[in-house]
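I have placed the structure first, in the form of structure tokens, so that the comments after it can refer back to it.
The values are calculated or read from the model by the stated rules, or taken from the named source; none is laboratory data. Everything quoted here is computed from the prediction, not taken from an experiment. Methodologically, a virtual Cβ is constructed for each residue, glycine included, from the backbone with ideal geometry; neighbour enumeration extends over all protein chains shown.
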Amino acid sequence: MSWDLVIANGEVVIPELGIVEADVAIEGDRVAALGKGLGAAGETIDATGQVVLPGVVDPHVHLGLENPFADDASTETASGLASGITTIGIFLRSLEDPYAPQLPGIREEYEANAFTDCFFHLQIFNEAQLAELAADAELGTTSFKFYMHGLPGVVPSVDDGFLLAGFRAIAELGDGAIACVHAENDSIVLRATAALERERPDGTLADWADSHPDEAEAEAIHRAAYLARLAGCRLYVVHLSTRLGLEEARAAREAGGRVYFETTSPLLSIAKDDPIGLLGKMSPPLRSQADLDALWEGVLDGQIDTVGTDNTSRSRAAKQVDAGLHGSRTGYPALATHLPTLIEEGYHRRSVPLTTIARIACMGPASVYGAYPRKGTITVGGDADLAVIDLHQEHTVRPEELHSFSDFSIFEGRSMRGWPTAVIKAGQVAVRDGEILAEPGSGRYIRRDPSRRTGQGVAVRCGGSRPIRRAPAC
């Protein structure tokens, strides 16, 4: 038998199992076989000395906030694809109008321009949007975000009564539906921000962390986890950033909550005193080195389930860094550097097992959001989305090489090891040696079932994942 494509001689990273010395055979857009000596193929990629990871699933991406949605769908997914990302979760924002009438058109616009697959999360702000959750779920969107602290003048916060009502409505949709929260105590952040503006009008990036105190995150996690338990709702906390927040994550699990925690590749790799300056302004802020180290401990002991980017395409001019700490804007691009950052900071610098990186970057997001095992792992019958990685291939980050609309990177000038030599998307060689071969319009929307929970895969948390479990060769 002849396969369409075989990736031969690589070390295949299967998050649930370990690292397997195997070939991967692909037929059409699916993985057809794993083993050795699989026979002839229309095309063979020799992965000797390299690892084969599942296509990365970035659960936290913003598109269309500064540029037209269609433009971002093209440039930013191209940027992600080149780094090994094959699926993204997009947070859609409509401050007033219901989503259900808009979703078919948004899906069509995305699929006409994008390079990666996607699923949608909806940001919920008002009663009309709350009343239509079942209609959204019928269209395959089953995750809904609430801002416990928003962005003053731009993104409104919601109160606890609205939050609890939302959690109860989501619980009624089924075990596959999930609530997401930006977890910060709104009044604590507003008071701290006002004090910082008065006392340090010419503050630095390091000062920005004081406007979002650690305890604001920790308290909000505690409160959201309690309300989710009360409602019987699964809960996903986005961009966990502090040691105190991580302690509340552990407490929430010990209390029996069905709660999942995400951090981001920037929060795992840049501390608040980094010389990047105000280009690194984000919300929540970059934290101390001690917080950064604690987040990696959370990755290793299984408390952190997923890692995303919180990517926003934004120009250097739009960041308005010349306006100072309080006049500059948040937001940054990170899709292009996501996986290399995790490999450099995790695998190379901290000896984090590749299975753990695959768990948080691939399996975890797919599992929490109802796309596993089609996405997030390498298994017969699963989507043939794969990244062939040379762990020792080193590049210095240069914005002009990253395919993004953004003309800056918060990682500019950093040297990173662990870049793809090939990316397979839906069974096709989509990227080879940094060159994008896929065409815009090759991305697809993933419909999810609100009645189907696939969180069990991530709930195992790989026993903490400290040791690499190397499976026997096939």
Exercise for review: Confirm whether Ser283 is outside any helix (DSSP H, G or I), at pLDDT 95 or above and in contact with a His (Cβ under 8 Å, 6 or more places away or on another chain).
Suggested key: yes
Review point. Mind checking which residues of the range 329-348 are buried (at least 22 other Cβ atoms within 10 Å of the Cβ), outside any loop (DSSP other than H, G, I, E, B) and not acidic (Asp, Glu)?
Key: Leu335, Ala336, Thr337, His338, Leu339, Pro340, Thr341, Leu342, Ile343, Gly346
Review point. Out of (1) assigned to a helix (DSSP H, G or I); (2) crowded, with 24+ Cβ neighbours inside 10 Å, the odd one out for Leu240 is which?
Key: (1)
Check your understanding: Counting just the residues of the range 370-382 that are among the small types (Gly, Ala, Ser) and under 19 Å from the mean Cα position of the chain (by Cα), which one comes out surrounded by the fewest Cβ atoms within 10 Å (Cβ to Cβ)?
Key -> Ala371
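This table checks each residue for (1) in a helix (DSSP H, G or I); (2) more than 19 Å from Gly153 (Cβ to Cβ); (3) in contact (Cβ under 8 Å) with a residue 24 or more places away in the chain.
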position	(1), (2), (3)
Gly176	no, yes, yes
Ile188	yes, no, yes
Ala195	yes, no, no
Arg198	yes, no, no
Asp202	no, yes, yes
Ala209	yes, yes, yes
Glu217	yes, yes, yes
Check your understanding: Does His60 count as within 17 Å of the chain's Cα centre (by Cα) and either among the acidic types (Asp, Glu) or within 16 Å of Tyr445 (Cβ to Cβ) (or both)?
Key -> no
Exercise for review: Can you confirm whether the range 285-292 contains a residue that is surrounded by fewer than 24 Cβ atoms within 10 Å (Cβ to Cβ), on the phi < 0 side of the Ramachandran plot and among the hydroxyl-bearing types (Ser, Thr, Tyr)?
Suggested key: yes
Exercise for review: Can you confirm whether the range 146-164 contains a residue that is among the polar types (S, T, N, Q), buried (at least 20 other Cβ atoms within 10 Å of the Cβ) and over 20 Å from Arg234 (Cβ atoms)?
Suggested key: yes
Revision key, fill the gap. Restricting the range 383-402 to residues that are closer than 16 Å to Thr116 by Cα and touching a strand residue (DSSP E or B) at 6+ places or on another chain (Cβ under 7 Å), the one surrounded by the fewest Cβ atoms within 10 Å (Cβ to Cβ) turns out to be Ala384
Review point. Quick check: anything in the range 48-70 over 28 Å from Asp305 (Cα atoms) and of a type in the set (Phe, Trp, Tyr)?
Key: yes
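Give Val321, Val299 a once-over and let me know the one that is β-branched (Val, Ile, Thr), within 21 Å of Arg200 (Cβ to Cβ), out of contact with any His (no Cβ under 8 Å at 6 or more places or on another chain) and modelled with pLDDT of 95 or more.
So the residue among Val321, Val299 that is β-branched (Val, Ile, Thr), within 21 Å of Arg200 (Cβ to Cβ), out of contact with any His (no Cβ under 8 Å at 6 or more places or on another chain) and modelled with pLDDT of 95 or more is Val321.
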